[in-house]
Amino acid sequence: MTDKDILFQKAREAAKNAYCPYSHFKVGAAILAASGNIFTGCNVENSSFGLTCCAERNAVGEAIKAGERSFKCIAVYLDHDEELFPPCGACRQVLSEFSPTMQVYFFNNTVSRSSSLEDLLPGHFRLEKKEEKH
Ligand code: THU
């Protein structure tokens, strides 16, 4: 299996536990860190809709918690036969914080597409980084 196959499989697995009683869109994300480790997330919805968190951002949170800071690519799966969406604007911005040129795969039960994050979010907002304290 290639890295991409593994990433796709893990994104599918993550979507199984999505909490999405409002949209019924089960989303799973698997992100490959520069270290070679993979982290996953699913969408977690909330009655107060604005508090919903996307699968991608939950995957990034898992990775950051483990000490990762750089990513090669992310695969985002939507458990649907027709609907397909690339990461939302908020997730693009969060991904670009760490790896603005990473590759983004998004796929459903029928098709798969791919784009660089640079193309999805040109001119992303960024501040100069100061050294992190440990
Ligand atoms: N969603 C994601 O998980 N990722 C995205 O990039 C876009 C949207 C989720 C949030 C919500 O649970 C559902 O899909 C519909 O917006």
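The table below lists the values:
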quantity: Two-site FRET efficiency, HIS80 against HIS124, from Cβ-Cβ distance with R₀ of 25 Å, rounded to 0.05; calculated: 0.35
quantity: Hz values of 3J(HN,Hα) by residue in region 62-70 - Karplus curve (6.51, -1.76, 1.60), Gly and Pro given as x; calculated: 4, 5, 5, 4, 7, x, 6, 9, 9
quantity: Region 1-109: chymotrypsin sites (Phe, Trp or Tyr not before Pro) falling in loop per DSSP and having at most 11 other Cβ within 10 Å; calculated: TYR22
quantity: Translational D in µm²/s for region 3-120 (Stokes-Einstein at 25 °C, 0.890 mPa s, Kirkwood Rh from C-alpha pairs); calculated: 178 µm²/s
quantity: Region 120-134 - phi-based ³J(HN,Hα) in whole Hz, Karplus 6.51/-1.76/1.60, Gly and Pro as x; calculated: 6, 9, x, x, 4, 6, 8, 10, 5, 8, 9, 4, 7, 9, 10
quantity: Simple spin-label estimate for TYR22 and MET1 in nanometres, 7 Å along Cα-Cβ; calculated: 3.3 nm
quantity: Charge dipole (debye, nearest 20) of the chain; +1 at Cβ of Lys and Arg, -1 at Cβ of Asp and Glu; calculated: 320 debye
quantity: Net lengthening on full extension, VAL111/SER70 (0.36 nm per residue, minus Cα-Cα); calculated: 12.0 nm
quantity: Amide hydrogen neighbours beyond the local backbone of HIS80, cut-off 5 Å, H modeled; calculated: ASN109
quantity: Beta bridges by DSSP in region 1-129, antiparallel share as percent, to the nearest 5; calculated: 75 percent
quantity: Loop GluC sites (Glu not before Pro), region 81-134 (other Cβ atoms within 10 Å of the site Cβ: 11 or fewer; DSSP); calculated: GLU82, GLU83, GLU128, GLU131, GLU132
quantity: J(HN,Hα) series, region 16-28, from Karplus relation 6.51 cos²θ - 1.76 cosθ + 1.60, nearest Hz, glycine and proline x; calculated: 4, 9, 4, 9, 9, x, 9, 8, 6, 9, 7, 10, x
quantity: Cleavage-rule hits, trypsin sites (Lys or Arg not before Pro), region 37-134, DSSP coil, Cβ neighbours within 10 Å at most 14; calculated: ARG69, ARG126, LYS129, LYS130, LYS133
quantity: Cross-link pairs LYS4/LYS133; LYS16/LYS129; LYS16/LYS72; LYS16/LYS65; LYS72/LYS130 - those with Cα-Cα distance over 31 Å; calculated: LYS4/LYS133; LYS16/LYS129
quantity: The chain, accessible surface, carbon-and-sulfur percent (1.4 angstrom probe); calculated: 50 percent
quantity: Accessible surface, region 8-125, averaged per residue in Å² (probe 1.4 Å); calculated: 50 Å²
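The values are calculated or read from the model by the stated rules, or taken from the named source; none is laboratory data. The shown structure was predicted, so the numbers you read here are calculated from the model rather than taken from an experiment. Neighbour counts are summed over all protein chains in view; Cβ atoms, including those assigned to glycine, are modelled from backbone coordinates with ideal geometry. Quick note on the areas: whole protein, heavy atoms, side chains included, nothing else; ligands and nucleic acids left out. Shrake-Rupley method; radii C 1.70, N 1.55, O 1.52, S 1.80 Å.
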